[in-house]
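Written out below as structure tokens is the structure these notes cover.
The values are calculated or read from the model by the stated rules, or taken from the named source; none is laboratory data. Being a predicted model, the structure only gives us computed values, none of them experimental. Don't worry about glycine lacking a Cβ; one is built from the backbone with ideal geometry, like all the others, and counts go over all protein chains shown. Just so you know, the surface numbers come from the protein's heavy atoms only, side chains and all, with ligands and any DNA or RNA stripped out. Shrake-Rupley method; radii C 1.70, N 1.55, O 1.52, S 1.80 Å.
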Amino acid sequence: MAMRSHYCGLVTEALNGQTVSLCGWVNRRRDHGGVIFIDLRDREGYVQVVCDPDRAEMFNVAENVRNEFCIQVKGLVRARPEGTTNEGLKSGKIEVLCHELIVLNESVTPPFQIDDDNLSETTRLTHRVLDLRRPYMQNNLMLRYKVSMEVRKYLDENGFVDIETPMLTKSTPEGARDYLVPSRVHDGHFFALPQSPQLFKQLLMVAGYDRYYQITKCFRDEDLRADRQPEFTQIDIETSFLSEEEIRDMFQGMIKRVFTNTIGVDLGEFPVMTYQDAMHIYGSDKPDLRVKLQFTELTDVMGDVDFKVFSGAANMKGGRVVALRVPNGSVEGGGISRGEIDAYTEFVKIYGAKGLAYIRVNELAKGRDGLQSPIVKNIHDAALAAVLERTGAQDGDLIFFGADKAKIVNDAIGALRIKIGHSEFGKKNGLFENRWAPMWVVDFPMFEFDDESQRYTAVHHPFTAPKDGHEDWMVTAPEKCISKGYDMVLNGWEMGGGSVRIHRADVQQKVFDALKITPEEAQLKFGFLLDALQYGAPPHGGLAFGLDRIVTLMTGAESIRDVIAFPKTQRAQCLLTQAPSPVDEKQLRELHIRLRNLDAPKTA
């Protein structure tokens, strides 16, 4: 018999009466009055092994087995005694009567029990090899594999070709910082690790490979949070001769099939919303449609109120005033307490808000006397009537306000909307709908103005095509120019995004002019792409999906670190390998690198 005939977790009652050979790790060993039970674990799950003292040689080995020993078991599959089945396991109706037990390798005492669910992330990442044995992590990584396979099958069926692009490439800093790799052969020169294969996939379109994809690593040296890693995996796709709508339809079909075939979820319809509407209604370009709260625009009615926070924001360039009505937020005994309002006030300050104004709507019939708030006396009747009418306020509601620069309002009240919607109060009051909520956000602006540099920057990247007829606005009014950019959003997470690309050199030049990128700078950074566009570049476009994010959403994990085998911490460190780490002086000399005194005071 082979060393292993079946996986532990796949031994079922269909094998009753058969002899099997299993290999795995001891999850638990229990001695019940002379009979030893071993819970044997592998990547497919558990099976219960029964060691009877009638087989003395085997039993002696079983007595010395401990947790995480790697063992081989040969034995007879039989039904479990009545009343002892475990419905939570595929193997829960059977057990394996052990005939032969071989210890393939012993284990030292592990630092934690594999089935302990209360481990700190530091412990888990430091002992990642053991953490990866946990069923939670094994299920996550097996699902990740299945997602990748479904993506590959769909793309293969639709004529896409997997083509690799370089990992060592040219530094073209746009957005996040590049990770730089010094060249030993070319003194003082550096490669960069790719932030994405963007330029290369466009070159492949020019080269005639009209349907390209790869599942590839990308690298960005940026500040981290739960949904970001310095290295992450992208499902990168590009295609020629398809319109924006055709591209969206094709890859909406791909994502729907992936969810159906891996976790049995039908994502249903994908509503399409413009960027302008998303920001206007939700303050976010990746709105979580499961939360039923929406913004109410008040900028136009607050310009002459005595409350300076509102009138100041309404009259400033780029200012905004909005309301967020929370139904039942002021219901006595079941609403949002003053302490919770204070906590929300501190919360919105994280996003730059200076405070959080509110009105409790106790009894509309009493007019001003039915409203409870320190700001009501400073808002005239017309503005107050507009607030109540536009929000649709009812007795017992609580209305929050945001007033500042539009970005601060959008960020702060948008985050507050999510926080209230996901809270126990929100769920209890029907403000959160537990469902899958996909959508497309389209018609992104081409540019946004950066106050610090006093110049326009590209919202997606400099190679995104403008809407037809918007080309001339790039010269006369860049702020009006809308792009052929699109993002797929699911449950408030950006799953993927892309655009139709610029394939004509004259249009590309207008973008560079709007971004104040000189011809010399453009040639230095992107010359190889600009040169290629001269050779009959086809209309093309594409998008990239975050594989890590897709699997995180599917599993409900709190962080993408839970779906990556060997992730970095939020400080961009690997606790398992202790990377990054110092290198010896010989390596630095070969690269012509000398480290500055890191303890010396920094000068401007």
Search region 261-313 for residues being of a type in the set (D, E, K, R) and open to solvent by less than 70 Å² (accessible area, probe 1.4 Å), and hand back the single one that is farthest from ASP397 (Cα to Cα). ASP285
Considering residues that are without any contact (Cβ under 8 Å) to a residue 60 or more places away in the chain and either in contact with a Leu (Cβ under 7 Å, 6 or more places away or on another chain) or open to solvent by less than 20 Å² (accessible area, probe 1.4 Å) (or both), the number found within region 372-384 is 2
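The rows are residues; the columns are (1) in contact (Cβ under 8 Å) with a residue 12 or more places away in the chain; (2) of a type in the set (A, V, I, L, M); (3) open to solvent by 20 Å² or more (accessible area, probe 1.4 Å); (4) over 28 Å from ALA532 (Cβ atoms).
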{"position": "PHE449", "(1), (2), (3), (4)": "yes, no, yes, yes"}
{"position": "VAL459", "(1), (2), (3), (4)": "yes, yes, yes, no"}
{"position": "LYS467", "(1), (2), (3), (4)": "yes, no, yes, no"}
{"position": "ILE482", "(1), (2), (3), (4)": "yes, yes, yes, no"}
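Quick one: which of VAL326, VAL348 is within 17 Å of ALA415 (Cα to Cα), in contact with a strand residue (DSSP E or B) (Cβ under 6 Å, 6 or more places away or on another chain) and either surrounded by 17 or more Cβ atoms within 10 Å (Cβ to Cβ) or of a type in the set (Gly, Ala, Ser) (or both)?
Selected residue: VAL326, the only one of VAL326, VAL348 that is within 17 Å of ALA415 (Cα to Cα), in contact with a strand residue (DSSP E or B) (Cβ under 6 Å, 6 or more places away or on another chain) and either surrounded by 17 or more Cβ atoms within 10 Å (Cβ to Cβ) or of a type in the set (Gly, Ala, Ser) (or both).
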Take the residues in region 385-406 that are free of Cβ contacts under 8 Å to residues at least 40 places away in the same chain and farther than 13 Å from GLU297 by Cα, then tell me which one is farthest from the chain's Cα centre (by Cα). ALA385
Can you tell me which of (1) more than 12 Å from GLU164 (Cα to Cα); (2) in contact with a Phe, Trp or Tyr (Cβ under 8 Å, 6 or more places away or on another chain) is the one VAL185 doesn't meet? (2)
For GLY527, the lone unmet condition from (1) out of contact with any Asp or Glu (no Cβ under 9 Å at 6 or more places or on another chain); (2) touching a residue at least 60 places away in the same chain (Cβ under 8 Å); (3) within 27 Å of ARG184 (Cα to Cα) is (2)
Take region 314-362 and flag every residue that is in contact (Cβ under 8 Å) with a residue 40 or more places away in the chain, of a type in the set (Ser, Thr, Tyr) and farther than 18 Å from ASP395 by Cβ. TYR344, TYR351
Taking the conditions exactly as written (basic (Lys, Arg) and not in a loop (DSSP other than H, G, I, E, B)), does LYS354 satisfy them or not? no
